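Student: Below you will find the structure I want to go over with you.
What follows is calculated from the coordinates using simple rules that are stated; it is not laboratory data. The structure presented is a predicted model; accordingly, all values stated were derived computationally and were not measured. Ideal geometry is used to build each Cβ from the backbone, glycine not excepted, and the neighbour counts take in all protein chains shown.
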Amino acid sequence: MNDLLVLSMMLAGPKHGYQLKHEASMIFGQQALHNNIIYPLLRRFLDDGWVTKKEVPGERGQTRQQYALTAQGRRVLLERLNQFDESNAASEDEFRFRAALFELLSPESREKILSLRESHLRALDQRMAALEAEMDLGKYPGEVVRQMREHIELEAKWIPRLRKLMKSDRKSEQKCDQRRSS
């Protein structure tokens, strides 16, 4: 997922490797991505034609490398964002990442992502309910399972809100289309 994150961070415009490294850390809520992660990714993106690189002057007189997403890189990013299956649906990070980029995806792709995540959450909640019903979990394991079920319930309530936002987006798009055709 690091590759998708780094590519998506360049959608707004060119960035330095150092900037990408630190912004990714803010998104992940951890320390900056290590140079051994970010720069090999950028080299691969360059080799694949997904990004371009140019030298620009730095603030202290040094030369810095600035990376920009190419049209091919944007196409690859969109293709990869649209690839979402049951294994992706089982990952909170994969799901949230795509939800954050829903504006880039078609309504059909969004719905597919939401439906797969919803299905995963139902199955996970059923497994947790079976654990509670069939096993004497004890105080702390029982508390963990209860917390997991509360988390599942919260996310399950979030999905209809996302659908409502999508519906609102469609209505806004339709109004814009009507104004253009008038």
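Student: Could you pull out every residue, at least 5 positions away or on a different chain, whose amide H is within less than 5 Å of the one on Arg64? Hs are placed 1.01 Å off N in the peptide plane, and Pro or chain starts have none.
Tutor: Here the answer is Val56, Gly58, since their amide H atoms fall under 5 Å of that of Arg64.
Student: Something else about it: Could you give the angle, 0 to 90 degrees to the nearest 10, between helix 71-82's Cα long axis and the longest principal axis of the Cα atoms of the chain?
Tutor: 0
Student: I've got another one for you. Would you compute the Debye intensity of the stretch 86-173 from its alpha-carbon atoms alone, equal scatterers and no solvent, and pass along log10 I(q)/I(0) at q = 0.18, 0.22, 0.23, 0.25 Å⁻¹ to two decimals?
Tutor: Those come out to -0.80, -1.04, -1.10, -1.23, one per q.
Student: Something else now. If eta is 0.890 mPa s and T is 25 °C, what Stokes-Einstein diffusion coefficient results for the stretch 124-165, Kirkwood Rh from Cα pairs, in µm²/s?
Tutor: Result for D is 219 µm²/s.
Student: Once phi is turned into ³J(HN,Hα) by the Karplus curve 6.51 cos²θ - 1.76 cosθ + 1.60 with θ = phi - 60°, what whole-Hz value does each residue of the stretch 108-114 show in order, with x for glycine and proline?
Tutor: Per residue, the Karplus-derived 3J(HN,Hα) values read 5, 5, 4, 5, 4, 4, 5 Hz.
Student: 222 nm [θ] for the chain, helices only, -39500 (n - 2.57) per DSSP H run of 4+, per residue, to 500?
Tutor: Values: 8 runs with 130 residues, N = 182.
So the helix-based figure for the chain works out to -24000 deg cm²/dmol.
Student: For the stretch 44-85, state which trypsin sites (Lys or Arg not before Pro) are in a DSSP loop and have at most 12 other beta carbons lying within 10 Å of their beta carbon.
Tutor: Of the trypsin sites (Lys or Arg not before Pro), the ones in loops of the stretch 44-85 whose Cβ has at most 12 other Cβ atoms within 10 Å are Arg60.
Student: Now for a separate question. As an exercise, take the mean of 1/r over every pair of distinct alpha carbons in the chain, invert it, and state the Kirkwood radius in angstroms.
Tutor: Final number for the Kirkwood radius of the chain is 19.3 Å.
Student: Residues of the stretch 84-109 with amide nitrogen under 19 Å from the 7 Å Cα-to-Cβ point of Ile27?
Tutor: Within reach of a label on Ile27: 84-85, 88-106.
Student: How far is helix 139-181 tilted off the main Cα axis of the chain, in degrees rounded to 10, range 0 to 90?
Tutor: It works out to around 50 degrees.
Student: Would you pull out the residues with amide H under 5 Å of Thr70's amide H, same chain only if 5 or more places away, H placed 1.01 Å from N?
Tutor: Hits under the 5 Å cutoff: Val51, Thr52.
Student: Only loop residues by DSSP count here, and only those with at most 10 other Cβ atoms within 10 Å; note down the GluC sites (Glu not before Pro) in the stretch 9-117 that meet that.
Tutor: Answer in residue order: Glu59.
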